[in-house]
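What follows is a short report on a single structure.
The values are calculated or read from the model by the stated rules, or taken from the named source; none is laboratory data. From a predicted model like this one, the values you see are computed outputs, not experimental measurements. Backbone-built Cβ (ideal geometry, glycine too); neighbour counts: all protein chains shown. We work out accessible area using only protein heavy atoms, side chains counted, and drop any ligands, DNA or RNA first. Shrake-Rupley method; radii C 1.70, N 1.55, O 1.52, S 1.80 Å.
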Amino acid sequence: MLISSLQAVLAHVWITVTRARRSLDVNYNENEETLFGFMMSNRTKFIPPLSETYFGNSITFGMLTEKDEEVLTRGSGFLASLFKEVVNSHCDEKIKSSIKSWIQKPFIITSSGVANKNLVARNSHRFNMYGNDFGWGRPIAIKTGRNGKSSGITNVSPGPVEGSIDIEIFLPIEVFQAMENDVEFMEAF
């Protein structure tokens with residue numbers, strides 16, 4: 001089974017954030033679950049597919065829920081394979097079913113606080129952010145601004161070098177400090 005580099009990176013982030021949160025909470029319960037949501041484009045999955053000239057977004061929210069104990073013990077290969085399963089099952093029928101379900105019972109995923117269990121990955125590979133030059137030279141970093149940021153939000157974009165990934169993660173400072181003390185994460189970082 002081929003795993004994409006993005007699936008591997010998101011799995012690594014999930015494990016690291018879970019470990020960091022666990023180290024901060026003396027009452028941490030590894031039997032609790034973490035939801036990891038990520039946006040998936042519907043453009044080519046609809047039958048018939050949306051036109052390339054379609055203006056706007058058409059996305060479905062893919063969701064994985066795992067016990068923290070599983071996240072920490074089964075590893076990044078296991079988690080990346082779960083991401084792959086959700087992506088591979090993304091099809092016209094599931095998209096339309098998801099839309100109907102959401103209309104009947106709308107929900108909004110929120111995240112706040114150090115102990116919050118949710119993680120969300122968002123953004124699009126369709127936008128070449130580093131390719132824009134408004135007369136000031138090529139961008140050296142991409143920042144999303146202050147709107148729409150909450151604990152657990154991860155923005156993933158194509159990086160400045162072909163094939164690279166830019167990742168921006170929003171977490172409480174305490175979680176980042178715990179991640180800095182995580183040897184396995186820092187070695188990969």
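Residue-normalised convex hull volume from the C-alpha trace of the range 1-56: 158 Å³ per residue.
By its C-alpha gyration tensor, with a ≥ b ≥ c as the square roots of the eigenvalues, how is the range 49-112 shaped: rounded for a/c under 1.5, else prolate for a/b larger than b/c, else oblate? Cα axes put the range 49-112 in the prolate bin. A Förster radius of 25 Å, combined with the Cβ-Cβ distance separating M40 from E69, puts the computed FRET efficiency at roughly 0.40. Think of a 1.4 Å ball rolled over the protein heavy atoms: the chain then has 63 Å² of accessible area per residue. The DSSP beta bridges internal to the range 32-185 are antiparallel in roughly 70% of cases.
Would you mind getting me the FRET efficiency between E33 and N132? Use the beta-carbon distance for r and R0 = 35 Å, nearest 0.05.
0.35
For F107 and E85, the FRET efficiency from 1/(1 + (r/R0)^6), where r spans their Cβ atoms and R0 equals 22 Å, is about 0.50.
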